[in-house]
Each structure stands twice: as C-alpha cells, then as structure tokens.
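Structure, as structure tokens:
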Amino acid sequence: MMFVTGPAFAGKRTFVRQAMGWDEDELARHAVWDVQNVGPETDLTALADELATREVVIACEVGGGVVPIDATQRAQREDAGRLACLLAERAACVVRVCCGLPQVLKGELA
C-alpha cells in the first residue's frame, strides 16, 4: 500500500494519478481518500488494517495550525494523526505532497 499525505489542496490525488498512470475512474477503484475524517469510537487499528488492503490511501494532514478549543475537534484531530501513524507503519511507501511536490518519506515509488 502507498500512503500519501500532505496539506489540503496540495495535489495529492493529482500526484497519485500521475505516478500510477491512472485516470479518475481508476483512482476511484484503487484508492481511497479523506480517511482523516474518522468518527468518535472508531477502532483505529482495525480501520488501518482495513485501509491497508487498498492500493493507495490518501489523507490530509490536520495536525498543523491553531489547536481547536472544542474538545471534540481536538479528539478528532488526535485520532486523524494516530490513524496516519498506523497507516505509515503499514505502508510500503509513504509520500508527502506539498505544493504539488512529492517527497518520499519511506520506501520507493513503484
């Protein structure tokens, strides 16, 4: 599994389409995105195991910026970060895309 992360609107899906040679339909079949939107009471380990069966998993980084005052939003942000760590652990390749520029953090692009 390839795990792709980075800020919102940074070109993550465009990068995956170009790197894998996919069109939009192939992207929808082989990849899943916006996995950072986890609900409360989600078993993050089980979710990471399930997502790791996909070819590509894409998540937005949500840990930067101002820490929310609302406890629920802080918990969601914490869960998103923990899920990203679990996915990076399971991935053969981890890529961070910022401003459309990919940076391989783990493994190699296939």
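Among residues belonging to the stretch 70-110 that are of a type in the set (A, V, I, L, M), in a loop (DSSP other than H, G, I, E, B) and modelled with pLDDT of 95 or more, point out the one that is surrounded by the fewest Cβ atoms within 10 Å (Cβ to Cβ). By that ranking, first place goes to A92. Candidates in the stretch 1-44 are the residues that are among the charged types (D, E, K, R) and under 10 Å from the mean Cα position of the chain (by Cα); of these, the one that is surrounded by the fewest Cβ atoms within 10 Å (Cβ to Cβ) is D34. Among the residues making up the stretch 2-44, a single one is of a type in the set (S, T, Y), in contact (Cβ under 8 Å) with a residue 60 or more places away in the chain and outside any helix (DSSP H, G or I): T5. Residues in the stretch 78-98 that are touching a residue at least 24 places away in the same chain (Cβ under 8 Å) and within 15 Å of C60 (Cβ to Cβ): D79, A80, R82, L83, A84, L87, A88, V94, V95, R96, V97, C98. Scanning the stretch 45-69 for residues that are over 11 Å from the mean Cα position of the chain (by Cα), part of a helix (DSSP H, G or I) and either among the hydroxyl-bearing types (S, T, Y) or buried (at least 16 other Cβ atoms within 10 Å of the Cβ) (or both) yields T45, L47.
The values are calculated or read from the model by the stated rules, or taken from the named source; none is laboratory data. The structure presented is a predicted model; accordingly, all values stated were derived computationally and were not measured. Please note: Cβ atoms are built from the backbone with ideal geometry, for glycine as well, and neighbour counts cover all protein chains shown.
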